[in-house]
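> Below you will find the structure I want to go over with you.
The values are calculated or read from the model by the stated rules, or taken from the named source; none is laboratory data. Small disclaimer: the values here were computed from a predicted structure and weren't measured. Using ideal geometry, Cβ is built from the backbone for each residue, glycine included, and neighbour counts are taken over all protein chains shown.
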């Protein structure tokens, strides 16, 4: 996690002020050492996918144009960090929402899996900032602070929220590179979350094959244009029968450390409804369906930049967690006075360009009657010219880092 500290903020690393309070540390301390030898990867993936889909449905329900991008992983981590210092009732609600195990050591392994694979390199740029911004004079619980810092869950900073709200808003906007038309600073804290992704494909798309092409709605009506990046190559493709969806896997970075999964619904007239019924078994099914084609197939995806700002507080309230924002008893073990975050703002930006680490393979003309080795429902190409879903996954744990729905073309009619 890379944190940009703006001029008037100080990192809350030392707590030496004598103040008349005490923290109830029960339930806020993960015992060490945690010697959990059980392989928790499958349960971790299943629990994460369950949260991913619940939160996806909440985001989609509030998206008018069905065009958004966000990081379910980053939001999961921030909520988990708050739960580590919440009272027992709030803690249980958040853990149930996140599908986080109650066993301290197993939960710590979840945190390690969730945070250990986002590494900055020359070919992969994932810049993530997860911040609890406390008003000046609000002091974090040292035990809780130690947990969230050791597990790389979030950072804690101070700012003059109440003393100088106007300057605070401007500095938050600079930090988040966000417009923030409605940021609420009525409480003594805010939650700030940003994720930016820009990386090199493992194999680039050829510059000569970028074409301005029509983009349609799900009914086939033209709604604008996108710049399609085309390549003809053997690719990993699949057909998820439960969703009647075509899926494509494209590797990202050196050694294919990440992958972007594209999902299209050629048999559906309503993408929102088609994916809205998905459960975590369907995500496992999608990964299991991938096969590398016997012969080169045509792949074309839009070159795009998509960015979104989400009011996560509203989304979390939709999912039943209310006490974090207005109940001082719920957060008394996070800080003194108890943190009362009035806003939880999330801004994500994802860039898809044609640049890659390796040159594209030579284009081959493949007759349409040559078997591809794929499910017959798939066909011979993957042309993204209508609404689609896509997500960035870590290749080792298959954690969903960024999720997106795209239905608004770059160039509108």
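> In the range 180-221, how many residues are surrounded by fewer than 13 Cβ atoms within 10 Å (Cβ to Cβ) and more than 30 Å from residue 123 (Cβ to Cβ)?
Adding up the residues that qualify gives 6.
> Oh, and also: State which residue is surrounded by the fewest Cβ atoms within 10 Å (Cβ to Cβ) when the search covers only the range 115-127 and only residues that are closer than 22 Å to residue 202 by Cα and modelled with pLDDT of 90 or more.
My answer is 125.
> Answer yes or no as to whether residue 66 is surrounded by fewer than 21 Cβ atoms within 10 Å (Cβ to Cβ) and at positive phi.
The answer is yes for residue 66.
> Return the residues of the range 230-244 that are farther than 17 Å from residue 284 by Cβ and touching a helix residue (DSSP H, G or I) at 6+ places or on another chain (Cβ under 7 Å); say none if nothing qualifies.
Once the filter is applied, which keeps residues that are farther than 17 Å from residue 284 by Cβ and touching a helix residue (DSSP H, G or I) at 6+ places or on another chain (Cβ under 7 Å), the range 230-244 yields 230, 231.
One line per residue, one yes/no per condition, for (1) assigned to a helix (DSSP H, G or I); (2) outside the structural domain of residue 186 (by TED's automatic domain parsing); (3) farther than 29 Å from residue 276 by Cβ:
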{"residue": "53", "(1), (2), (3)": "yes, no, no"}
{"residue": "79", "(1), (2), (3)": "yes, no, no"}
{"residue": "92", "(1), (2), (3)": "yes, no, no"}
{"residue": "102", "(1), (2), (3)": "no, no, yes"}
{"residue": "107", "(1), (2), (3)": "yes, no, yes"}
{"residue": "114", "(1), (2), (3)": "yes, no, no"}
{"residue": "117", "(1), (2), (3)": "no, no, no"}
{"residue": "148", "(1), (2), (3)": "yes, no, yes"}
